[in-house]
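The values are calculated or read from the model by the stated rules, or taken from the named source; none is laboratory data. Just so it is clear, the structure is predicted and the values come from calculations on it, not from any experiment. Because the Cβ atoms are built from the backbone with ideal geometry, glycine has one as well, and the counts that use them run over all protein chains shown.
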Amino acid sequence: MERIQFGISGLDEMLGGGLIKNSICSLIGTYGTGKTTFALQFIYEGLRQGEKVIYLSLEEREDRIFDMMADRRFRIDKSRAESLIVLKLDPTDFNISFNSIKKDLPELISNIGASRVVIDPISLFEGLFDDTSQRRREMFKFTEFLRDMDANFLLTSETSTTDSYASKYGLIEYLTDTVIVLRYIRPTDLTEVHTAIEVVKMRRSNHSREIKPYEILQDRVNVYNEASVF
């Protein structure tokens, strides 16, 4: 199967060479674990490979996304800038934003030939539904809608307040093909807090089931595949 590399040292090895082409990946983590940084790295790897990419932000403004990429020393020259589309959506009006995605995203992907799309964070959409059954129905339809497009999707989500392995609403991990969890590991002596990554699920592929430490540096993310957090 054709693989799409995440562009993060160590993580692609954990994924058996990368994400499967045209799959949907959810990246779940609590605050401060680097979800947006991982998403930006995924987008930038696409640009480095000469791909066209789309970043749909439900939280940060477009200029903030570009500022964060500049802070990470990503080289966005004119040719790469033309291959990157960043859009800020308003998550407070689901109907407008969702209908806009349904109407415009397939055409946008087709017109520019985008192969990678990030939605950051999908949990803001999920939170607009008070009824659990309605949330499940709408998010199922949404992920099925994404599957009809010729692209890889990365959806970020906050974790549950009671379970560091689960998404905020315990739903998106069941709807996506690959689930990556970012979390803190706190030693009993509380001398240092570590960040750790785990590939919890990956359909149609073998993957590492080990928990590995990672580090966010200014210009890259390193997953230490040979190390242990314990």
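Residues that are assigned to a loop (DSSP other than H, G, I, E, B) and either in contact with a Pro (Cβ under 9 Å, 6 or more places away or on another chain) or charged (D, E, K, R) (or both) were ranked within the range 1-38; the one that is surrounded by the fewest Cβ atoms within 10 Å (Cβ to Cβ) is 2.
Of all the residues in the range 166-186, those that are in contact (Cβ under 8 Å) with a residue 60 or more places away in the chain and surrounded by fewer than 22 Cβ atoms within 10 Å (Cβ to Cβ) number 6.
If you check 154, 124, 89 for being modelled with pLDDT under 90 and in contact with a helix residue (DSSP H, G or I) (Cβ under 6 Å, 6 or more places away or on another chain), only one passes: 89. Out of everything in the range 95-109 that is farther than 22 Å from residue 63 by Cβ and surrounded by 17 or more Cβ atoms within 10 Å (Cβ to Cβ), what residue ends up being modelled with the highest pLDDT? Taking the candidates together, the pick is 109. Of the residues examined, residue 159 is one that is hydroxyl-bearing (Ser, Thr, Tyr), surrounded by 14 or more Cβ atoms within 10 Å (Cβ to Cβ), more than 23 Å from residue 5 (Cα to Cα) and at pLDDT 90 or above.
Residues considered: 90, 71, 104, 77. Of these, the only one that is within 30 Å of residue 184 (Cβ to Cβ), over 18 Å from the mean Cα position of the chain (by Cα) and of a type outside the set (A, V, I, L, M, F, W, C) is 71.
Yes/no per residue for (1) surrounded by 20 or more Cβ atoms within 10 Å (Cβ to Cβ); (2) touching a residue at least 60 places away in the same chain (Cβ under 8 Å):
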site	(1), (2)
111	no, no
119	yes, yes
128	no, no
132	no, no
135	no, no
140	no, no
144	no, no
147	no, yes
150	no, yes
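Residue-level analysis places residue 85 outside the set of residues that are of a type in the set (Val, Ile, Thr), buried (at least 16 other Cβ atoms within 10 Å of the Cβ) and under 30 Å from residue 226 (Cα atoms). Residue pairs whose Cβ atoms lie under 7 Å apart, sitting 6 or more positions apart in sequence or on different chains, and linking a residue in the range 5-21 that is touching a residue at least 24 places away in the same chain (Cβ under 8 Å) and within 16 Å of residue 200 (Cβ to Cβ) to a partner that is among the hydroxyl-bearing types (Ser, Thr, Tyr) and surrounded by 16 or more Cβ atoms within 10 Å (Cβ to Cβ), are 14/208; 16/205; 19/178; 20/205.
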